[in-house]
Every structure is written in structure tokens, then in C-alpha cells.
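Chemist: Take a look at this one; I'll ask things after.
What follows draws every value from the coordinates through simple rules; no lab data is involved. Keep in mind the model is a prediction, meaning the values are calculated, not measured. FYI the Cβ positions are ideal-geometry reconstructions off the backbone, even for glycines, and counts take in every protein chain you see.
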Amino acid sequence: MLILGIETATPQVSVAIGGHEGVLGQFEVSRGRRHAETLTPAIEFLCRQADVEISEFGAIAVDIGPGLFTGMRVGLAAGKAIAQALRVPMIGISSLDLLAFPLRYTDRTIAAVIDARKGELFYAFYLAVPGGIQRVTEPRVGSPDDLAADLMARGQNVILVGDGALRYREELDASIRCEFAEQFLSYPSAAPLVQLAHARALREEWVNPWEIQPLYLRAPDAQINWSTREVAS
């Protein structure tokens, strides 16, 4: 089964094609944040380069967040539209899972951390297990101080990965000595997305397009602003 992976929950736009042969092709760009303008041409380009027709996809995998609201909506809308047109199922995977998966061979606890803006972070903790990773906490949103407190409370050797970890590196490193993953691993990628999705597809763990739901963790900015306006009035 060929799977199209779409990841747009962060400033990076990432698309990949994969299946039982592994990842066949990948496209990534992390400048400009024009997700809507970039995504469709990226999918078309990747299909041409991999010599794959859109009609060959047996499932569509998407990053369901947490992440940036606009980017998440672009990826989810595109994925649902393609899946409905092809009449194929979808597989949704968290952006935090995608960050942690490339570190699956470490013997440290993994902290996947995404910059949520407004002085907050999305994060979760993972352990490496045979064949992949296991999330040991629910995804949460909090301040850098909240994350630092969680790190100290765990008292374990931790490796942090993600743009949120790098943005607040000095503050986190001052609280507890941690290792930080390389910068090229800062954003979730569509390559691990199709790898994880393929494993789920083999177990038939997919859903209909209309069943895919984003993982927000906090209210959209428009809702927050409207609530503030109501209080002010």
C-alpha cells in the first residue's frame, strides 16, 4: 500500500510517499510559512519525481497536531479532500510522536517539544521500545518553566527535540542539564509520518476522512480574542 504523508502543523511543510519499501520520496521547505500555496505544488512535484500517480495511494496520513492552527488546518483539509476523492482511509498521527520517532534508538527519555508561541510549549515524554517509541505522558501545553519543572521531577537523563526546546534552550539548560537533539530534527517530518502510518495500516488502524480530528490542546486564537473582547465589553 502506498501512503501519502502530509505534515503542516509547524512552520515547515513536509510531504512524503512511502510503503512497504520504505520512504520513496520526500519534500520539505521551512521558510515563508505559506502552507496553502506550497502544499499542492509540493505533492504534485513529489509524485512526478517518484513516478507515482495520485490514484495509486491507498491511504492518506496527516499530522493532527498539536501545532500552529493555520498550518494544521491546511494539511488536514488537503488530506481529507484527497482521501475523499480517492475513497481511501486516513491515518492521523501526533506531531509530537513524529518528533520523537527519529530518536527511537536512544537510551534516554525523549522530550518532544514544539513552540506553541505566546510563551508556551506543546510537549510530551517518550521512551524507546523495540520497534519504535512509547509515549509515557499525555500531550500537554505549558510554559518553559512548566517543562523545566517536569524535567526536574522526572530526575532522568533526557534528550529534548523540537523547535520549542531550541528556542528556550538556555532557560531549560539552566534548570537541569539536558541533551538537545540536532537542529535538523527540529520539526516533525512526513518521512516518519509515512513510516508510522504504514505500521498502522498493516494493522488496519485507519479511519474515515470525516473522523480525523485535530489535537489543539488550547483554544484557537480567534476564540481567545473573542472571549477577551466579551470580557472587556
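Chemist: Spelling out what I want: for every residue of segment 57-68, take phi, set θ = phi - 60°, compute 6.51 cos²θ - 1.76 cosθ + 1.60 (Karplus), and round to whole Hz; glycine and proline get x.
Modeler: So the J values, rounded to whole Hz, are 6, x, 6, 10, 9, 9, 7, 9, x, x, x, 6.
Chemist: Within segment 12-36, list the residues whose amide N lies under 20 Å from a label point set 7 Å along Cα→Cβ of Phe45.
Modeler: Only 12-18, 23-36 pass the distance filter.
Chemist: Short version: ³J(HN,Hα) in whole Hz for each residue of segment 70-82, in order, from phi by Karplus 6.51 cos²θ - 1.76 cosθ + 1.60 (θ = phi - 60°), x for Gly and Pro, what are they?
Modeler: 4, x, 4, 5, 4, x, 5, 5, 5, x, 5, 4, 5
Chemist: In degrees, nearest 10, range 0 to 90: what is the angle between the Cα axis of helix 35-50 and the longest Cα principal axis of the chain?
Modeler: 50
Chemist: While we're looking at this one, here's another question. Give, rounded to the nearest 20 debye, the magnitude of the charge dipole that segment 96-185 has about its Cα centre when Lys and Arg contribute +1 at Cβ and Asp and Glu contribute -1 at Cβ.
Modeler: 180
Chemist: What's the FRET efficiency of His20 with Arg108 using the Cβ-Cβ distance as r and R₀ = 25 Å, to the nearest 0.05?
Modeler: Using R0 = 25 Å, I get an efficiency of 0.25.
Chemist: Turning to a different aspect of this structure: Looking at segment 96-185, send over the antiparallel percent of its DSSP beta bridges, to the nearest 5.
Modeler: Counting only bridges with both partners in segment 96-185, antiparallel ones make up about 70 percent.
Chemist: Given points 7 Å out from each Cα along the Cα-Cβ axis, report the Leu127 to Arg200 separation in nanometres with one decimal.
Modeler: 2.3
Chemist: Please give the helix 144-154 orientation as an angle from the longest Cα principal axis of the chain, in degrees from 0 to 90, rounded to the nearest 10.
Modeler: With both axes taken from Cα atoms, the answer is about 80 degrees.
Chemist: Can you list residues whose amide H is under 5 Å from Thr137's amide H, if they're 5+ apart or on another chain and H is modeled 1.01 Å from N?
Modeler: Residues meeting the criterion, in which the H sits 1.01 Å from N, are Phe125.
Chemist: Rounded to the nearest 500, what is the chain's calculated 222 nm mean residue ellipticity when only DSSP H runs of at least 4 contribute -39500 (n - 2.57) each, over all residues?
Modeler: -11500 deg cm²/dmol
Chemist: Sticking to Cα atoms, compute the Rg of the chain to one decimal and its Dmax as the biggest Cα-Cα distance, whole number, in Å.
Modeler: 17.8, 59
Chemist: Would you mind working out the magnitude of the charge dipole of the chain relative to its Cα centre, with +1 at each Lys and Arg C-beta and -1 at each Asp and Glu C-beta, to the nearest 20 Debye?
Modeler: So the dipole magnitude of the chain works out to roughly 280 debye.
Chemist: Along the charge dipole of the chain, Cβ charges K/R +1 and D/E -1, which of Asn208, Val136, Ala153 sits furthest on the positive end?
Modeler: The listed residue farthest towards the positive side: Asn208.
Chemist: Also, quick follow-up: Tell me the chymotrypsin sites (Phe, Trp or Tyr not before Pro) within segment 93-158 that lie in a loop according to DSSP and have at most 16 other beta-carbon atoms within 10 Å.
Modeler: Tyr105
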